[in-house]
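Rule-based calculations on the coordinates, nothing more; no lab input. Keep in mind that what you see is a predicted model, and the values were worked out from it rather than measured. Ideal geometry is used to build each Cβ from the backbone, glycine not excepted, and the neighbour counts take in all protein chains shown.
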Amino acid sequence: MTQSTGETPAATPVTRYPRPTVTLDEAEWVWRELSVEALRPGGKPEVVRLAVIAGLTRATGARYGDLLRVRAEDLDLGPEPGVAARQGRVGGTRDPGEGRVLLRHGKHRTLREHRLPPEVVLLLRHWMVVREELAAELEGSVPRALLLTVHHTHDHGTTVASGLPITRQGLVLSWRRFAHRTNARYGAVRAPLPTRFEQVRRAWVDAGVPDLGRELSPPDVDTNHPTGK
C-alpha cells in the first residue's frame, strides 16, 4: 500500500483558449480575402456579411454575442465620402472616412464606443444597401438588427424569409461554410482555416489590433417613473 507523501501535485497549466489561435498573418489574410470578395461586382450577400463581421471584430475585438446586439442606429458612418473630402476632419476628432460603433460587451452589456477605420466603414456602407434589399420582401420596416439572414432558411419545417435578424448559430454555420470553401480552394498552397471564428478573433485581440474604445455611461433613467424607465 502506497503511503501519501502529503505533497500536492503540480497544477496542470490551463490554456486560455482550448483551441490554437491562428497567427496574426493568417488572420490578416482572412480579412483581406473577405474584404476583397465582398466588394467585387456581384459579391454574395453572405460574403459581404462575413466581411462586415471580420471588419468589426478586427476593429473592436467583439465576440459574436456583442455583434448580434448591434443595431443599425448604433453605427455612425460619418458624412458621405464626397462631403468628408471637402470638410476634412470631422469636428477635429476623426480622420476622413472614419466611423464609430456602439457595442454592448459581455454579459454585463458594458457600453463602449469604438473607432472604425475607413475600410470597415466602406464595407458597412455596402452592407447597409444589401440589407435593405434582403428585407425588401418583409412586411413593415427593415429590422433594427445590423446582421440579417441572407437567404431563406428552414426552422422546424417552416420556411423563414431572408432579411430577419440572424442567430448565433447562423453566424457559426456561415463562418464554417466559408472555412470549408476556402480550405477546398487553397488546400494545396496554405494551411487550412479553423472552423471556429474565435480562433481568428483571438489572433487580433492577442496582437492588440482592436481599438479598445471608450466606456460610456448607460442612458439616464427616469427616476420619477416607478419602474425607473
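Site pair Lys44 and Asp76 shows an inter-label distance of 3.6 nm when each label is modelled 7 Å from Cα along Cα→Cβ. Per-residue extension of 0.36 nm, minus the Cα-Cα distance of Ala161 and His126, leaves a gain of 10.5 nm for this segment.
Summing Lys and Arg as +1 and Asp and Glu as -1 over all other residues whose Cβ lies under 12 Å from the Cβ of Ala54 gives a net charge of 0. If you average the C-alpha positions of the stretch 159-201 and of the stretch 53-79 separately, how far apart do those two centres end up, in angstrom? Their Cα centres are 18 Å away from one another. With 0.36 nm allotted per residue and the present C-alpha distance subtracted, the Leu173-Thr23 stretch has 51.8 nm of extension available.
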